[in-house]
Amino acid sequence: MPCSVSNFESGSNRYRSNVRIGNWFEDHCLEEDKMSSFRKMRDRGELLVEKARTLFDNFQREVQLAAPKHDIMIGAVIQLMPVYMNILDMDTSELHPALSVVINEHAIRSSQTINEDCELTVAPSERPCVRNSFRIVSGDEQDRTGERLKYGQRFRLECVESPDDPILLYSAPKLTNLSQSISTSFNSQKYGELNLPLGLVHRSKIMCPDGDIPKAFTNWFCMHVDPNKRFESEGETLPSNSPLVIVHAATNRNLAAENVVIQTLFGPEFLVSVQNYRNVFKREIWKNVWMISNGHHTRTDN
């Protein structure tokens with residue numbers, strides 16, 4: 001017995017860390033394959049960290065808004081900004097929140113630019129960029145670039161980085177089974193009922209006669225913030241940087257900033273929906289009061 005133990009101990013000295021047998025050799029091969037795959041993905045820019053960097057560069061690329069004017073012009077690049085955010089224990093005066101496009105973490109691997117899988121939020125806006133700027137286009141298929149936008153006139157909101165096949169903002173009513181027709185990661189509710197969400201769609205899809213999304217779902221119009229002045233203001237030019245109500249034409253519901261914070265890849269942001277929020281006097285509260293900004297971040301408390 002002592003002899004055998006001695007032989008075992010002396011024999012074990014022959015095994016060094018660089019000797020690979022059995023499962024050791026298999027693990028070594030797997031590590032080599034992983035490193036080789038890593039290098040190839042790195043060289044092709046397919047690593048998640050590289051895609052995330054590209055995503056942030058694309059979404060936060062600075063955009064030049066339209067030249068400041070008293071009236072909003074069709075064809076202008078603008079921002080949609082809540083006039084006031086009534087968030088408990090939070091000072092929002094310096095946030096300059098604006099309607100923004102956000103992508104969820106599951107879609108990063110497939111695309112690093114704005115696409116139909118993106119969602120909408122209200123996010124802090126230090127400066128105009130690709131994700132928080134939109135182009136106003138006519139809602140009647142006519143090229144009205146340079147004309148003044150008016151109260152009650154239909155218009156569409158187009159993402160600025162989609163020249164070949166523009167991506168438009170839209171909403172849609174619920175399906176016959178009362179489920180949402182737009183898939184989103186987060187939803188808000190009013191009295192227990194889900195609010196209508198916002199989505200993005202390529203223009204080529206709404207122009208198709210047998211498409212799932214009618215053109216009317218991409219149309220919006222503005223109303224005067226004062227209900228008593230809406231009839232007389234119909235047809236008047238739309239002032240920039242002034243409180244107003246933005247209405248989804250197909251559902252007759254208003255664009256709404258929600259006091260619900262969600263975590264996104266860009267940090268904490270607020271939910272946005274299409275829902276009517278009014279007080280006992282039938283007047284829209286702060287959630288439905290927006291302004292179309294051409295660069296002047298002026299605020300009016302509601």
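The values are calculated or read from the model by the stated rules, or taken from the named source; none is laboratory data. Everything numeric here is computed off the predicted structure, so don't read it as measured data. A quick note on method: Cβ atoms are made from the backbone with ideal geometry, for glycine too, and the neighbour counts reach across all protein chains shown. Each accessible area value is taken on the protein alone, full model and side chains, heavy atoms only, with ligands, DNA and RNA left out. Shrake-Rupley method; radii C 1.70, N 1.55, O 1.52, S 1.80 Å.
Identify all residues within region 152-197 that are over 16 Å from the mean Cα position of the chain (by Cα), in contact (Cβ under 8 Å) with a residue 12 or more places away in the chain and part of a loop (DSSP other than H, G, I, E, B); write none if there are none.
Selection gives 152, 153, 154, 165, 172, 173, 174, 180, 195.
Regarding region 139-151, can at least one residue be identified that is open to solvent by less than 30 Å² (accessible area, probe 1.4 Å) and modelled with pLDDT of 95 or more?
The initial filter retains those residues of region 139-151 that are open to solvent by less than 30 Å² (accessible area, probe 1.4 Å), namely 139, 149, 151.
Right, trim to modelled with pLDDT of 95 or more and you get 149, 151.
Checked region 139-151: at least one residue is open to solvent by less than 30 Å² (accessible area, probe 1.4 Å) and modelled with pLDDT of 95 or more.
Any residue in region 280-302 that's closer than 14 Å to residue 98 by Cα: show its pairings with residues that are at pLDDT 95 or above and open to solvent by 70 Å² or more (accessible area, probe 1.4 Å) at Cβ separation under 9 Å, as long as the two are six or more apart or on different chains.
Qualifying pairs under 9 Å: 288/278.
Can you name the strands (runs of 3 or more DSSP E) wholly within region 198-281 that have at least 3 residues being in contact with an Asp or Glu (Cβ under 8 Å, 6 or more places away or on another chain) and surrounded by 19 or more Cβ atoms within 10 Å (Cβ to Cβ)?
So the answer is 199-202, 267-274.
Return the residues of region 66-101 that are among the β-branched types (Val, Ile, Thr), surrounded by 20 or more Cβ atoms within 10 Å (Cβ to Cβ) and not in a loop (DSSP other than H, G, I, E, B); say none if nothing qualifies.
78, 101
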